[in-house]
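These notes concern the structure reproduced below.
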Amino acid sequence: MPGRSIAHGALAASAIGLLDRALRGTCTVLSSDVRIRIESTGLTTFPDASVVCGDVVASETDRHAVTNPTLLIEVTSPSTEDDDRGDKLSNYKQIPSLRGVLFISHRTPAVTLLQRDGNLWREQVARAGELLELDDPHLSLAVDDVYAGISLDPA
């Protein structure tokens with residue numbers, strides 16, 4: 001969403017760059033300019049970044065919206081964090097192709113991964129100095145790399 005803080009934009013760009021380098025040739029990394037449509041609920045949303053592994057499938061009702069993300073990335077902000085982790089996440093979980101959702105904190109160097117494990121979702125939090133291991137797509141993400149050179153917004 002336009003109008004976010006400098007730190008928010010920098011964190012989103014950092015995540016996109018890291019994911020693109022790690023997944024190039026295996027998955028497509030998309031910016032917040034690309035809509036995600038959850039066909040089963042009718043919600044269309046703009047996550048901060050998306051990853052699609054395999055062919056990108058557009059919605060039949062909106063050819064500019066993707067329906068098959070593998071991973072969604074949300075950089076939290078004071079005004080959206082509750083919705084990102086609440087209603088929006090509930091909708092995201094209805095996407096059959098979705099394997100994980102990454103929440104990048106605007107407050108402190110920490111990344112939370114919600115990862116599908118069969119019909120259950122498990123949560124993993126990694127903080128400064130730690131690695132986050134994703135199963136699908138398979139990659140390791142260093143929290144320090146996500147936050148490198150970025151000054152977080154004052155509380």
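The values are calculated or read from the model by the stated rules, or taken from the named source; none is laboratory data. As the structure is a computational prediction, the values presented were derived from the model and not from experiment. All Cβ positions, glycine included, derive from the backbone under ideal geometry; neighbour counts span all protein chains shown. For the accessible areas, the whole protein counts, side chains as well, though only heavy atoms, and no ligand, DNA or RNA atoms are used. Shrake-Rupley method; radii C 1.70, N 1.55, O 1.52, S 1.80 Å.
Considering only protein heavy atoms, what per residue accessible area in square angstrom results for the chain with a 1.4 angstrom probe? The answer is 51 Å² per residue. Here the label points at Asp55 and Gln124, each 7 Å from Cα along the C-beta direction, are separated by 3.1 nm in the simple model. Of the trypsin sites (Lys or Arg not before Pro) in the stretch 10-107, the ones in a loop by DSSP (not H, G, I, E or B) with at most 10 other beta carbons within 10 Å are Arg24, Arg63.
The distance separating the Cα centre of the stretch 97-150 from that of the stretch 1-49 comes to 14 Å.
Loop-located GluC sites (Glu not before Pro) in the stretch 20-117 (DSSP state other than H, G, I, E, B) with a sparse environment of at most 11 neighbouring Cβ atoms within 10 Å: Glu60. Annotation for Thr108 and Thr41: the two label points, set 7 Å from Cα along the Cα-Cβ direction, are 2.8 nm apart.
As a ratio to 2.2 N^0.38 Å, the alpha-carbon radius of gyration computed for the stretch 1-100 takes the value 1.03.
For the pair Lys93 and Asp62, a Förster radius of 22 Å applied to the C-beta separation gives a FRET efficiency near 0.60, rounded to the nearest 0.05. Only protein heavy atoms count here; on that basis, with a 1.4 Å probe, Ile104 has an accessible area of about 0 Å². Can you tell me the FRET efficiency between Asp83 and Asp135 if r is taken as the Cβ-Cβ distance and R0 is 25 Å, rounded to the nearest 0.05? Rounded to the nearest 0.05, the efficiency is 0.45. Given the options Leu30, Leu131, Leu71, state which has the largest fluctuation in a GNM of the chain using a 10 Å cut-off (strictly under) for Cα springs. Residue with maximal mean-square fluctuation among Leu30, Leu131, Leu71: Leu131.
Rounded to the nearest 20, the Cβ-based charge dipole of the chain about its Cα centre (Lys and Arg +1, Asp and Glu -1) stands at 100 debye.
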